[in-house]
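J.: I am attaching a structure below and will ask some questions about it afterwards.
The values are calculated or read from the model by the stated rules, or taken from the named source; none is laboratory data. Small disclaimer: the values here were computed from a predicted structure and weren't measured. Counting neighbours? That spans all protein chains shown, and the Cβs are built from the backbone with ideal geometry, glycine included. SASA here: full protein model, heavy atoms, side chains in, ligands and nucleic acids out. Shrake-Rupley method; radii C 1.70, N 1.55, O 1.52, S 1.80 Å.
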Amino acid sequence: IAAPKDFMREAFLANEFSIAAAQVAVQRGSTQEVKDTAQELLNDGLKTRTDMVAAIQGSTSDMHFDQAWTDDYKQKLADLQSLEGADFDAKYLEVQGQLSNDNEKLYQSFAATASSVERAVLPVAVSSVFSDSKPSHLSSILPMRPSRPDCDCCSAASRAFTPVLVAAVMPSSL
């Protein structure tokens with residue numbers, strides 16, 4: 001994905017799905033740890049949403065896009081809503097872990113392929129998603145997913161990676 005509009009759409013929809021899934025998990029999680037993690041992800045997602053909307057509204061490019069969820073997101077949320085207890089917790093953590101991996105690939109792809117002019121359209125949204133202060137809440141409860149130093153939601157070691165990716169995405173003139 002190289003075009004800012006395509007990138008922003010994918011990032012926005014992923015964030016919206018993460019918010020919706022976290023809202024369900026805050027209510028349905030069977031452990032306090034899952035509920036607390038969901039609340040952190042919900043808070044992060046709401047902040048990211050605000051930053052993305054500001055970036056879209058402040059853009060000089062046409063950044064309006066269809067905000068309808070993909071069938072995949074709809075099915076994942078329906079699957080989550082059909083589960084309870086430990087089955088819900090396991091599926092929620094699996095879905096959020098996969099979303100984290102997919103988002104990492106999305107941002108890296110954009111950073112690698114977008115021109116500096118295209119990257120200049122999104123500095124606010126990109127910087128909020130790759131904020132150095134973002135907690136690494138998934139690592140403590142994802143035993144099935146090994147920590148990776150390049151993943152924002154896996155370990156504290158990711159903090160060294162974060163500024164590098166932000167620098168790659170954001171134009172040097174800002």
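J.: When both residues are 6+ apart or on different chains and their Cβ atoms are under 8 Å apart, which pairs have a first residue that lies in segment 36-50 and is at negative phi, and a second that is open to solvent by less than 70 Å² (accessible area, probe 1.4 Å) and of a type in the set (Ser, Thr, Tyr)?
T.: The qualifying pairs are Ala38/Tyr92; Leu41/Ser18; Gly45/Ser18; Lys47/Ser128; Thr48/Ser128.
J.: With the structure loaded, tell me whether Asp102 is within 18 Å of the chain's Cα centre (by Cα), assigned to a helix (DSSP H, G or I) and under 30 Å from Ala3 (Cβ atoms) or whether it fails that test.
T.: So Asp102 passes the test.
J.: Can you tell me which residue within segment 1-52, out of those that are part of a helix (DSSP H, G or I) and of a type in the set (Ser, Thr, Tyr), is most open to solvent (accessible area, probe 1.4 Å)?
T.: Looking at the filtered set, the residue picked out is Thr50.
J.: Does segment 73-99 hold any residues that are touching a helix residue (DSSP H, G or I) at 6+ places or on another chain (Cβ under 9 Å), open to solvent by 60 Å² or more (accessible area, probe 1.4 Å) and acidic (Asp, Glu), and which are they?
T.: Within segment 73-99, just Glu84 meets the criteria.
J.: Right, next: Answer yes or no: is there a residue in segment 61-69 that is in contact (Cβ under 8 Å) with a residue 60 or more places away in the chain and open to solvent by 80 Å² or more (accessible area, probe 1.4 Å).
T.: Within segment 61-69, none of the residues are in contact (Cβ under 8 Å) with a residue 60 or more places away in the chain and open to solvent by 80 Å² or more (accessible area, probe 1.4 Å).
J.: Small (Gly, Ala, Ser) and modelled with pLDDT under 90: which single residue out of Ala25, Ala54 fits that description?
T.: Ala54
J.: Here's a follow-up. Search segment 91-111 for residues that are under 17 Å from Glu40 (Cα atoms) and pair each with any residue that is open to solvent by 30 Å² or more (accessible area, probe 1.4 Å) and not small (Gly, Ala, Ser) when their beta-carbon atoms are under 6 Å apart and the residues are at least 6 apart or on different chains.
T.: Val95/Lys76; Gly97/Arg145
J.: Has segment 67-82 got at least one residue that is hydrophobic (A, V, I, L, M, F, W, C) and under 15 Å from Ala11 (Cα atoms)?
T.: yes
J.: Residue check, Gln108 against (1) under 14 Å from Val34 (Cβ atoms); (2) at pLDDT 80 or above; (3) open to solvent by 50 Å² or more (accessible area, probe 1.4 Å), all met but one. Which one?
T.: The number of the failed condition is (1).
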